[in-house]
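Report on the following structure.
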Amino acid sequence: MRTNFFKIFTLLLCVSLLMSSCGTMNNTTKGGVIGGGGGAAIGAIIGHLVSGKSDKGKGMLIGAAIGTAVGAGTGVAIGNRMDKAAEAAAAVQNATVETITDANNLTAVKVTFDSGVLFDTNKYDLSATAKKNLEDFAEVLKTYSDADVVIYGHTDSTGSDAINDPLSLNRANSVSTYLKSLGVSDAQIKNVEGFGSKEPIADNSTAEGRAQNRRVEVYMYASEAMINAANNGQLQ
């Protein structure tokens with residue numbers, strides 16, 4: 001029992017050091033740590049640190065499965081490229097941009113659009129404001145065409161699953177379809193899904209919380225081609 005206690009204490013101490021050091025790093029440096037990390041458990045811990053509270057676990061489900069090792073240099077190169085993608089996305093009006101880690105423990109970018117900006121209540125037709133915002137965002141995706149993309153729709157808890165599930169999927173599909181009409185490659189968008197009200201990020205008992213839960217999330221993450229390019233020292 002005493003031996004197990006010291007093992008647990010040592011692990012928690014290591015995690016604490018990782019968390020305190022990551023707070024002062026930019027994404028490029030984080031990419032180096034993540035890419036050269038010591039196993040899936042540590043990768044998951046770093047993923048939870050880099051992502052917001054609402055993203056715990058989700059980032060680990062995003063990313064292309066690859067058969068080759070991801071080295072420290074690869075993580076740095078991809079972290080640097082994703083830094084630039086995040087900066088470009090942050091310039092899009094009404095977009096909230098965060099960084100998370102993907103299934104390969106590499107830096108990824110999460111872009112959230114408030115459904116109240118994108119759509120009228122209970123509708124999934126894009127508003128004029130939404131189209132302008134997505135036109136700007138499409139240019140980001142085309143510039144970073146080596147980043148794969150997934151699009152997720154969410155609702156608040158008002159109404160039943162029979163209403164919310166298809167509404168969230170229809171809204172995600174509306175975003176995907178419009179981005180493709182603007183020249184984003186069909187092959188770049190890997191998955192479009194609706195989660196209804198199942199993944200709230202705020203308290204559904206308040207109007208402010210429900211507004212936050214009504215959203216469309218777009219994730220940009222390293223494609224297998226980007227990872228291979230970084231492994232070979234060819235990523236710009």
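The values are calculated or read from the model by the stated rules, or taken from the named source; none is laboratory data. Please read these numbers as outputs of a predicted model, since none were measured by experiment. Virtual Cβ from ideal backbone geometry, glycine too; neighbours counted across all protein chains shown.
For the stretch 90-102, the criterion of being in a helix (DSSP H, G or I) and more than 22 Å from Glu224 (Cα to Cα) is met by at least one residue. Checking the stretch 178-194 against the condition returns a match, with at least one residue being part of a helix (DSSP H, G or I), surrounded by 17 or more Cβ atoms within 10 Å (Cβ to Cβ), at pLDDT 95 or above and of a type outside the set (Phe, Trp, Tyr). Give the stretch 202-228 a look and list any residue that's out of contact with any Asp or Glu (no Cβ under 7 Å at 6 or more places or on another chain), surrounded by 15 or more Cβ atoms within 10 Å (Cβ to Cβ) and in a helix (DSSP H, G or I), or say none. Matches in the stretch 202-228: Gln212, Glu224, Ile227, Asn228. Does Leu169 fit the bill of being under 19 Å from Ala88 (Cβ atoms), assigned to a helix (DSSP H, G or I) and touching a Phe, Trp or Tyr at 6+ places or on another chain (Cβ under 9 Å)? So Leu169 does not fit the description; no.
Within the stretch 114-132, does at least one residue satisfy the condition of being among the charged types (D, E, K, R), without any contact (Cβ under 8 Å) to a residue 12 or more places away in the chain, more than 30 Å from Val70 (Cα to Cα) and out of contact with any helix residue (DSSP H, G or I) (no Cβ under 9 Å at 6 or more places or on another chain)?
Let us first name the residues in the stretch 114-132 that are among the charged types (D, E, K, R), namely 114, 120, 123, 125, 131-132.
Still in the list and also without any contact (Cβ under 8 Å) to a residue 12 or more places away in the chain: 120, 123.
Remaining after also requiring more than 30 Å from Val70 (Cα to Cα): 120, 123.
Next, only the ones that are out of contact with any helix residue (DSSP H, G or I) (no Cβ under 9 Å at 6 or more places or on another chain) stay: 120.
Yes, that holds for at least one residue.
The set of residues from the stretch 103-117 being assigned to a loop (DSSP other than H, G, I, E, B) and hydrophobic (A, V, I, L, M, F, W, C) comprises Ala103, Leu106. When only residues in the stretch 118-151 that are assigned to a loop (DSSP other than H, G, I, E, B) and within 13 Å of Thr177 (Cβ to Cβ) count, which is farthest from the chain's Cα centre (by Cα)? Looking at the filtered set, the residue picked out is Asp125. The set of residues in the stretch 82-116 being of a type in the set (D, E, K, R) and crowded, with 22+ Cβ neighbours inside 10 Å consists of Asp102, Lys110.
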